[in-house]
1. Could you name the aspartates and glutamates whose alpha carbon sits less than 12 Å from that of B:Lys313, not counting residues in the same chain fewer than 8 places away?
2. Accessible area per residue for chain A in Å², computed with a 1.4 Å probe and the full protein assembly in place, what is it?
3. If contacts are Cα pairs under 8 angstrom and at least 6 residues apart, what is the relative contact order of chain B in percent?
4. What does the charge count near A:Ser94 come to, summing +1 for each Lys or Arg and -1 for each Asp or Glu among other residues with Cβ under 13 Å from its Cβ?
5. Relative contact order of the range A:271-310, please, whole-number percent, based on alpha carbon pairs below 8 angstrom and at least 6 residues apart.
6. Between B:Glu44 and B:Asp3, how high is the FRET efficiency from 1/(1 + (r/R0)^6) when r is the Cβ-Cβ distance and R₀ = 41 Å? Nearest 0.05.
7. Testing the spin-label approximation: label points 7 Å from Cα along Cα→Cβ at B:Glu124 and A:Asp72. State their distance in nm.
8. Using only alpha carbons, build the gyration tensor for the protein assembly as shown and give me the equivalent ellipsoid semi-axes, biggest first, whole Å.
There are 2 protein chains.
Amino acid sequence: MTDSITISVDAMGGDHAPRAVIHGAHLALKERKNTRFVFHGRQEQIAPLLDEFPALKPVSTVRHCETVIAMDEKPSQALRKGKGTSSMWMAIQSVKDGEADVAISGGNTGALMAMATFCLRPMEGISRPGIAAIWPTLRSDIIVLDMGATIGADARQLVDYAILGSALARALFDAESPSVGLLNVGTEEVKGLDYIKEAGRMLSEASGAGFTYHGFVEGDDIGKGTVDVVVTEGFVGNVALKTAEGTARQVASYLRSSLRATLMSRIGALFASSALNALRRKMDPRTVNGGVFMGLNGIVIKSHGGTDEIGYKSALGLAYEMARSRLMDKVGDTMHRFPIHKAAAGTPTETEARSA
Amino acid sequence: MTDSITISVDAMGGDHAPRAVIHGAHLALKERKNTRFVFHGRQEQIAPLLDEFPALKPVSTVRHCETVIAMDEKPSQALRKGKGTSSMWMAIQSVKDGEADVAISGGNTGALMAMATFCLRPMEGISRPGIAAIWPTLRSDIIVLDMGATIGADARQLVDYAILGSALARALFDAESPSVGLLNVGTEEVKGLDYIKEAGRMLSEASGAGFTYHGFVEGDDIGKGTVDVVVTEGFVGNVALKTAEGTARQVASYLRSSLRATLMSRIGALFASSALNALRRKMDPRTVNGGVFMGLNGIVIKSHGGTDEIGYKSALGLAYEMARSRLMDKVGDTMHRFPIHKAAAGTPTETEARSA
């Protein structure tokens, strides 16, 4: 395929913007030559950086924006201040206008989600967007969502996440019918989880329509890679992701101390250094950077704000793959193949009726 | 201290009972000589095992029970079938009767929680019990609760968990005023978390009364050991614990593959073998086995059901330390020092009033 992919970039989002962003784009371009970039942000800061990376300059367009959204700004504030003017908003607007295939920002998550939802609007039939993480497991990468786009969920929203996650798995992993699991606790007969059970019933009935419903999974099934898509409510998903990140850092730190402990272990580490470096690269959080906003009329990727050019390179690569694999078409197709979803679209589910 | 500690043991709980349980007791006794055991279960299975471990026999009493609760039995079923007759119930009853200082079972969690709650009853002023985990972190061990005793919580229940967790930290770690954090997501202005914010306000006001309120923490703060006690609702706590276990196994598996990858790495692993074995021991889940049921009139420890004698040894050691450190007195003392808790004891909180 020779068509180029255009990525709309909030050049001002993140702790090390715009330098880390532009440098990251330079590295991403080396890996994927047919990428074009539209950078939104302060011309006077971006232009000298493009001069530093001459290969990047001819495939880049700069759109000047004066307004920059701060990392600690509240979503509602950010929306008031930055709608139509900020680098974050304009990056999303480029996707809406059809100028770019996908937008990316390392800016604050709440503000980005608010702007993306306001600008792109949720897809027909999807009540609320979700953030999907691509999670490395012992088997292969899997999709976990929602990572905290919304707090609380009902059965119908979990079903939406299952559809969106399946579409993402089909786009990224070429899985024809990805397996989907609902995150739950093992204990039987627990109260307060009726919405998960109800979602399970709905997914059971629709299993086969673009995904295969596996059943409930527990926290340790994520790392095992038991299913291709793990579906959960946003608060739980966010805690799970950060707990896993914390645990990975903890174990890595234990390993470093162990290998520094004695002369023999230091010699051992020297012999094993190339294998240990490979492990370090595998566990480098910068290589799996990027949350995918799902359920909107357009693709938006959230990069970690604190990352460097390597992190941005990964997130831009992810953005490229999303666009190349025609994620939006696959989401539409999965929704179309989902009879329950269509049937339920007009009528509230039991849970919704109860909570109303 | 020369007083002995008596541990009441459900000898039939867990996948490898009673052999792993009795063998574990034998190992635990070697480390803590002044332990006495009351084993509940099938006499004909337990007696021959005690013959195998002659040191254990003189400090052990066997109470025959015919009924054994299965690992997949529903709590309500288990309670109907096993109340007053099963090894699980009788292990708890020994604590209620004052015969033992603490009870332990590797049987099914839901059934054990139901029986413990029914038999021992929640403490005055505590609405619902919680399960606390002792979680190894980069700083030191910390307490995380609730691990899934109950699903869903309101502000008042989180405050209860903070009191119970602080008391446990004081008993186990000799911390005079343990720091307490409420698990939350970083995003500002999220909806549906009013009960966490309300708990935060209540804990702020009471900070200093046997604990120090730190504020909100996120998932990665657990592994960092940011606070001594992390408080969360049971579903989230259970997912966090299992996700962390899964991640630790995943990283350990990556490490094993890396060190087997090349001749050089295998030589390196040989040199570093003693350090790597120490790391393996440190990460051995059997060494941190045991969930502590908190908030009841008596101490009950849940061991992993699938563990072996090493796991039971750890859980029995934990049970011993709980009793030795006079956990129940410390819980009472912490509650007594907690003005908000006492004041709120009679009147429903805002959240409760709203949800009523």
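1. Cα-Cα hits under 12 Å: B:Glu31.
2. Working: 13950 Å² over 356 residues.
Accessible area per residue: 39 Å².
3. Values: 709 pairs, mean separation 81.8, N = 356.
It rounds to 23 percent for chain B.
4. Values: positive: A:Arg36, A:Arg63, A:Lys96; negative: A:Asp10, A:Asp97, A:Glu99, A:Asp101.
Computed value for this residue: -1.
5. Values: 23 pairs, mean separation 12.1, N = 40.
Relative contact order here is 30 percent.
6. Working: r = 33 Å, r/R0 = 0.80.
Computed FRET efficiency for B:Glu44 and B:Asp3: 0.80.
7. Each label point is offset 7 Å from its Cα along the Cβ direction, giving 4.6 nm.
8. On the way: eigenvalues 455, 170, 119 Å².
In descending order the semi-axes read 48, 29, 24 Å.
The values are calculated or read from the model by the stated rules, or taken from the named source; none is laboratory data. The shown structure was predicted, so the numbers you read here are calculated from the model rather than taken from an experiment. Here Cβ is always computed from backbone atoms with ideal geometry, including for glycine, and neighbour counts include all displayed protein chains. Heavy atoms of the whole protein, side chains included, go into the accessibility calculation; ligands, DNA and RNA do not. Shrake-Rupley method; radii C 1.70, N 1.55, O 1.52, S 1.80 Å.
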